[in-house]
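Chemist: The structure follows.
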Amino acid sequence: MLATENLREADRLMTICNACRYCEGLCAVFPAMEMRRTFGAGDLNYLANLCHQCGACYTDCQYSPPHEFNVNIPAAMAKLRNASYSVYVWPKFLSGLFARNGVFVTLATALSVAGFIVGFVAWSDPAALFAANAGDFYKVMPHNAMALLFGIVALYCVLAFVVSLAAFWRDIGGARSAPGIAGFGRAVSDALHLTYLHGGGGECTSEGKQPSSARRIFHHFTFYGFLFAFAATCVATVYHYVFGWHAPYAPLSLPVMLGVIGGIGLVIGPLGLLTLQGKRDPILTDTAHRGMNVAFVLMLLLTGLTGLLLLALRDTPAMGMLLAVHLGFVLGLFLSLPYGKFVHGLYRFLALAKYAGERRSGQFID
Ligand code: SF4
Ligand code: SF4
């Protein structure tokens, strides 16, 4: 007997779909389902994390409501997927943060912003906070203190990700179908292209009856914006520690240009995704976790916006306060990464890697 209502509903639907198989060309969920006759909790969590919630199987299904079978795969998979994050999370006592994510993110960010303002005043020259410092952030917070703080938080995030992803990989039987190098490459390509958000070629229908590529495009802006912003930080770190080239960097330097591209992506992408979320038919989604979805995208938007504003006004007396606000958003975002929507990308990647392994071996899992 499966332990939760979400698992039992997903099991019921997968059993119907496995007899029907009409949607097998739409995405990876259905071929992976067809490799199984029965579904344990690990199988269902794997399938739920393979689903991109494009809505195509709901639109195409002859058994969707008002049919008595009440087949609604996107909603069932969304509920199970969101619940699965709490199952594998580390440490376990923080699992409730997914359900109360909006409150957690707001508190973490507000305290972070306040902490930076108090810290700037307490540990550096208070006058520097409201002075024009020629773009030199380290006049208000020493570089080593900044690197130490964010380094500790980043290491904690990596630890939390590794432990929870290892638990997921074990539970879905990842080792039984190791993807190998070719399968791993395939999973990377599927993740980078969002292959299964194409709705089997017909594009996403989760935001309206008309198929649209908007969600995929805005997701790309967000994802690649995040990567560019991360790359800007990495390049600046190498400049500082390897070459001894200290900030502020010129507008046309590599860290600044990467940061600007990342910031623009983090404004356009999240704005588009938030707009689309407002249009999404609630029947296709997990409304109980709406706060988690909105909080993460909003944090990315505010991080991008404050980053661009800080760059534009870094030579003015507003720099000190803007730096406190931007660093507060970045710290709030980092603190919430293991306990919010960010983890969907990591679980989905492992699910894609397992799927690539199963395809490679052509195995039938009983
Ligand atoms: S979603 Fe509906 S049409 Fe598609 S496989 Fe399942 S039962 Fe068949
Ligand atoms: S990815 Fe789309 S087609 Fe596939 S199961 Fe999810 S909602 Fe259905």
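The values are calculated or read from the model by the stated rules, or taken from the named source; none is laboratory data. Quantities reported herein were computed from a predicted structural model and do not represent experimental measurements. Counting neighbours? That spans all protein chains shown, and the Cβs are built from the backbone with ideal geometry, glycine included. The accessibility values were calculated without ligands, DNA or RNA, using every heavy atom of the protein model including side chains. Shrake-Rupley method; radii C 1.70, N 1.55, O 1.52, S 1.80 Å.
Chemist: Across segment 120-130, what is the total count of residues that are open to solvent by less than 30 Å² (accessible area, probe 1.4 Å) and touching a residue at least 24 places away in the same chain (Cβ under 8 Å)?
Modeler: Let us first name the residues in segment 120-130 that are open to solvent by less than 30 Å² (accessible area, probe 1.4 Å), namely 120, 124, 128-129.
Those left that are additionally touching a residue at least 24 places away in the same chain (Cβ under 8 Å): 120, 128-129.
Number of matching residues: 3.
Chemist: Let me ask something else about it. If you check Ser164, Ser189, which single one turns out to be of a type in the set (Ser, Thr, Tyr), away from ligand 1 (no atom under 16 Å from the Cβ) and either assigned to a loop (DSSP other than H, G, I, E, B) or over 30 Å from Asp60 (Cα atoms) (or both)?
Modeler: Values: Ser189 fails: either assigned to a loop (DSSP other than H, G, I, E, B) or over 30 Å from Asp60 (Cα atoms) (or both).
Of the residues listed, the single one that is of a type in the set (Ser, Thr, Tyr), away from ligand 1 (no atom under 16 Å from the Cβ) and either assigned to a loop (DSSP other than H, G, I, E, B) or over 30 Å from Asp60 (Cα atoms) (or both) is Ser164.
Chemist: Output the residue which, of all residues in segment 262-292 that are under 17 Å from the mean Cα position of the chain (by Cα) and of a type in the set (D, E, K, R), is most open to solvent (accessible area, probe 1.4 Å).
Modeler: Step by step, filter segment 262-292, then rank; the result is Arg290.
Chemist: Within the set of pairs 6+ apart or on separate chains, which have a first residue in segment 1-13 that is touching a residue at least 24 places away in the same chain (Cβ under 8 Å), a second that is among the hydrophobic types (A, V, I, L, M, F, W, C) and assigned to a loop (DSSP other than H, G, I, E, B), and C-beta atoms under 9 Å apart?
Modeler: Leu2/Phe39; Leu7/Phe39; Ala10/Leu2; Ala10/Phe39; Asp11/Leu2; Asp11/Phe39; Leu13/Phe69; Leu13/Val71
Chemist: Only one residue in Pro66, Pro91 is surrounded by fewer than 16 Cβ atoms within 10 Å (Cβ to Cβ) and within 16 Å of ligand 1 (Cβ to nearest atom). Which one? Walk me through it before giving the result.
Modeler: Working: Pro91 fails: within 16 Å of ligand 1 (Cβ to nearest atom).
Being surrounded by fewer than 16 Cβ atoms within 10 Å (Cβ to Cβ) and within 16 Å of ligand 1 (Cβ to nearest atom) holds for just one of Pro66, Pro91, which is Pro66.
Chemist: Here's a follow-up. For segment 49-58, does any single residue satisfy the condition of being away from ligand 1 (no atom under 16 Å from the Cβ), open to solvent by less than 40 Å² (accessible area, probe 1.4 Å), at pLDDT 95 or above and in a helix (DSSP H, G or I)? Please lay out each step first, then the result.
Modeler: Going through segment 49-58, the residues away from ligand 1 (no atom under 16 Å from the Cβ) turn out to be 49.
Checking the rest, the ones that are also open to solvent by less than 40 Å² (accessible area, probe 1.4 Å) come to 49.
Filter again for at pLDDT 95 or above, leaving 49.
If we keep only those that are in a helix (DSSP H, G or I) too, we end up with 49.
Yes, segment 49-58 contains at least one residue that is away from ligand 1 (no atom under 16 Å from the Cβ), open to solvent by less than 40 Å² (accessible area, probe 1.4 Å), at pLDDT 95 or above and in a helix (DSSP H, G or I).
Chemist: Consider Glu24 against the criteria (1) within 14 Å of ligand 2 (Cβ to nearest atom); (2) open to solvent by less than 40 Å² (accessible area, probe 1.4 Å): it satisfies all of them except one. Which criterion is unmet?
Modeler: In the conditions (1) within 14 Å of ligand 2 (Cβ to nearest atom); (2) open to solvent by less than 40 Å² (accessible area, probe 1.4 Å), Glu24 misses (2) alone.
Chemist: Further question: Restricting attention to segment 192-201, and to residues there that are under 22 Å from Asp281 (Cα atoms) and open to solvent by 40 Å² or more (accessible area, probe 1.4 Å), which single residue is nearest to ligand 1 (Cβ to nearest atom)?
Modeler: Filtering segment 192-201 down to residues under 22 Å from Asp281 (Cα atoms) leaves 194, 196-201.
This time we only want the ones that are open to solvent by 40 Å² or more (accessible area, probe 1.4 Å), so: 198, 200-201.
Working: His198: 16, Gly200: 11, Gly201: 15 Å.
Applying the filter and picking the extreme gives Gly200.
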